[in-house]
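See below for the structure under consideration.
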């Protein structure tokens, strides 16, 4: 499972360094690459194993309405298989880099079955939204149900 956050930079060629603790999870899954797609102004990165599980869930949905078809086009259609090089770097495809606004400073965030790749600017905005959400009583109730 992916946990924790790391602050890094993306190089001019569009490569990011995947933290060693994330690389260990990827290697333990038996793959040398990850699937990267886009969502929420950031990139979602999955091990091949987790990506396959996600595809199976989507494939077996009972209904595929217009919104779900649109989601599949963007989420699945925008996914890219990215190899980790010997230095632990991954090349982010230009269209994914552009979507997520990755320019210089980035943040990698472990979110259990995936990790997310954020531009520092978008990450700071997301943190602000979470602080705002903490003022919502319903959000506090949902968090409290986790035992926190």
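Rule-based calculations on the coordinates, nothing more; no lab input. A quick note: this is a predicted structure, and the numbers were derived from the prediction, not measured. Counting neighbours? That spans all protein chains shown, and the Cβs are built from the backbone with ideal geometry, glycine included.
Relative to the 2.2 N^0.38 Å rule of thumb, the chain has a C-alpha radius of gyration ratio of 1.11.
Mind giving me the nanometre distance, one decimal, between the label points for residue 53 and residue 28, set 7 Å out from Cα along Cα→Cβ? Rounded to a tenth, the inter-label distance reads 1.3 nm.
Taking packing as the residue-averaged number of other Cβ atoms within 10 angstrom, the listed peptides 55-67, 106-118 run from highest to lowest as 106-118, 55-67. With 0.36 nm allotted per residue and the present C-alpha distance subtracted, the residue 139-residue 86 stretch has 14.9 nm of extension available.
Projecting label points 7 angstrom from Cα along Cα→Cβ for residue 11 and residue 61 puts them 3.8 nm apart. One decimal place: the segment residue 72-residue 40 gains 10.1 nm when fully extended, by the rule 0.36 nm per residue minus the C-alpha distance.
Let's test the formula: R0 of 30 Å, r as the Cβ-Cβ distance of residue 125 and residue 95. What FRET efficiency results, to the nearest 0.05? It comes to 0.90. With Cα atoms defining each centre, the range 91-148 and the range 25-48 are spaced 16 Å apart in the structure.
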